[in-house]
1. Within the stretch 96-110, which residues are touching a Lys or Arg at 6+ places or on another chain (Cβ under 9 Å), surrounded by fewer than 19 Cβ atoms within 10 Å (Cβ to Cβ) and aliphatic (A, V, I, L, M)?
2. Could you list, in sequence order, the residues of the stretch 1-21 that are small (Gly, Ala, Ser) and part of a helix (DSSP H, G or I)?
3. Residue 38 - would you say it is without any contact (Cβ under 8 Å) to a residue 60 or more places away in the chain, more than 16 Å from residue 105 (Cβ to Cβ) and in contact with a Lys or Arg (Cβ under 9 Å, 6 or more places away or on another chain)?
4. So, in the stretch 53-73, of the ones that are touching a residue at least 24 places away in the same chain (Cβ under 8 Å) and surrounded by 13 or more Cβ atoms within 10 Å (Cβ to Cβ), which residue ends up farthest from residue 33 (Cα to Cα)?
5. Within 24 Å of residue 102 (Cα to Cα) and not polar (S, T, N, Q), is that true of residue 57?
6. Is there any pair with a first residue in the stretch 98-122 that is closer than 17 Å to residue 22 by Cα and a second that is in a loop (DSSP other than H, G, I, E, B) and of a type in the set (Val, Ile, Thr) whose Cβ atoms are under 9 Å apart and which are 6 or more apart or on different chains, and what are they?
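Laboratory data are not the source of any read-out in this text; all were calculated from the coordinates shown. For clarity, every value in this text was computed on a predicted model and none was experimentally measured. Neighbour counts are summed over all protein chains in view; Cβ atoms, including those assigned to glycine, are modelled from backbone coordinates with ideal geometry.
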Amino acid sequence: MLSFFFDTYAFYEVIIGNPNYQEFTKDVKIVTTHLNLMELYYQMLAIDTKERAMDLFNKYEEFAVPISNSMIIEAMDFRKQHYKQNLSYADCIGYTIARKMKIPFLTGDNQFKDMENVKFVK
């Protein structure tokens with residue numbers, strides 16, 4: 001089974017039924033963080049009910065991995081190195097975790113389009 005780090009963009013595209021993300025809905029091991037679930041919850045509040053946002057948070061919570069202090073430091077070093085790309089804190093942490101776990105970072109965020117270890121899907 002293939003593993004992917006789902007950033008918030010990936011979750012959102014799966015939820016809205018983007019056909020380009022269909023292949024990531026079955027037989028895939030999901031890895032994410034609570035920060036990505038926080039972003040997803042907030043996005044869902046903007047377009048759906050609080051109940052639906054909570055249901056999705058709870059559905060994906062089991063896939064959240066802990067964020068160590070060393071991971072935070074490494075992610076912020078990465079963010080500083082790429083400061084011109086205006087990357088979010090959550091994305092930098094997720095990308096760093098994906099690299100450490102040697103799994104692709106699944107996203108459609110343009111800032112990550114040409115980076116190593118990224119599965120870029122629009």
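1. 103
2. Answer for the stretch 1-21, where residues must be small (Gly, Ala, Ser) and part of a helix (DSSP H, G or I): just 10.
3. Taking the combined requirement at face value, the residue does not satisfy it.
4. Looking at the filtered set, the residue picked out is 56.
5. Numbers: within 24 Å of residue 102 (Cα to Cα): no; not polar (S, T, N, Q): yes.
Taking the combined requirement at face value, the residue does not satisfy it.
6. 106/121; 107/121; 108/121
Residue by residue, here is whether (1) crowded, with 16+ Cβ neighbours inside 10 Å; (2) touching a Pro at 6+ places or on another chain (Cβ under 6 Å); (3) among the β-branched types (Val, Ile, Thr); (4) free of Cβ contacts under 8 Å to residues at least 12 places away in the same chain holds:
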| residue | (1), (2), (3), (4) |
| --- | --- |
| 31 | yes, no, yes, no |
| 43 | yes, no, no, no |
| 77 | no, no, no, yes |
| 85 | no, no, no, no |
